[in-house]
1. Which is farther than 14 Å from residue 159 by Cα and modelled with pLDDT of 95 or more, of 49, 96?
2. Could you tell me how many of the residues in the stretch 140-155 are surrounded by 14 or more Cβ atoms within 10 Å (Cβ to Cβ), farther than 16 Å from residue 28 by Cβ and not small (Gly, Ala, Ser)?
3. Give the stretch 35-60 a look and list any residue that's more than 27 Å from residue 137 (Cα to Cα) and in contact with a Pro (Cβ under 7 Å, 6 or more places away or on another chain), or say none.
4. Could you grab me the full set of residues in the stretch 85-110 that are within 17 Å of the chain's Cα centre (by Cα) and surrounded by 21 or more Cβ atoms within 10 Å (Cβ to Cβ)?
5. Out of the stretch 103-144, which residues are within 14 Å of residue 56 (Cβ to Cβ) and of a type outside the set (A, V, I, L, M, F, W, C)?
6. Here are some residues: 80, 56. Which one is farther than 14 Å from residue 32 by Cβ, touching a strand residue (DSSP E or B) at 6+ places or on another chain (Cβ under 7 Å), at pLDDT 95 or above and not charged (D, E, K, R)?
7. Tally time: how many residues in the stretch 50-87 are farther than 19 Å from residue 100 by Cβ and not aliphatic (A, V, I, L, M)?
Amino acid sequence: MLSKFAVLCLGLVPLASIADDTLARFKGGIGVIPVSSGQGAAATATVVNRNIVRGVQPPGQIWTIAALNADVKTDGSIKVRGRGLLLAGGNGIGGNANQSVRATLICDAAGAALFDSGLVPLQANGDFRIDDVLNPLPPIPCASPVLLIRNPGGAWFAAGIPDLED
């Protein structure tokens, strides 16, 4: 049985602040479309706007992702579960292009610093799991979190949708 002092102390500190060490959480994913728009008055655009996210370039082809869940803790640990990260265009459509991916957390609108996990291979069906620690460690708080799934060359294939329900 708790003493009156212990009950009083527990009442002063919200239990969520004791138990939750989440820095950012993402539920759902968005596949990349490398070109965001065309420019020019002609029927065929000769100049395009690349879909650059916080300084990170897209790949040359469209990718899709069926599901993505990610949890980043204040100690930099990250768990990501992705399903169906596959090419959505070109001759390799429906395949994984023998790619490996990493998770990248970006905490500022300018994309001045990238916080990366190690690389993991995509399974044939596009599924992947990342259980790692970000390098370098992200700041606390992460003011404007964006999660990108990138290839070894640095292009982003998918983005996490922030889970704002907390």
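The values are calculated or read from the model by the stated rules, or taken from the named source; none is laboratory data. Owing to the predicted nature of the structure, the values given are computational and were not obtained by experimental measurement. Positions of Cβ are backbone-derived with ideal geometry, glycine not excepted, and every protein chain shown enters the neighbour counts.
1. Numbers: 49 fails: modelled with pLDDT of 95 or more.
The unique qualifying residue is 96.
2. So the answer is 3.
3. If the condition is that a residue be more than 27 Å from residue 137 (Cα to Cα) and in contact with a Pro (Cβ under 7 Å, 6 or more places away or on another chain), then 50, 60 are the ones that fit.
4. Restricting attention to the stretch 85-110, the residues satisfying the condition of being within 17 Å of the chain's Cα centre (by Cα) are 85-86, 99-110.
Of everything in the stretch 85-110, those that are within 17 Å of the chain's Cα centre (by Cα) and surrounded by 21 or more Cβ atoms within 10 Å (Cβ to Cβ) turn out to be 85, 86, 99, 101, 102, 103, 104, 105, 106, 107.
5. 104, 108, 111, 116
6. Numbers: 56 fails: farther than 14 Å from residue 32 by Cβ.
None of the others qualify; the one that does is 80.
7. Result for the stretch 50-87: 11.
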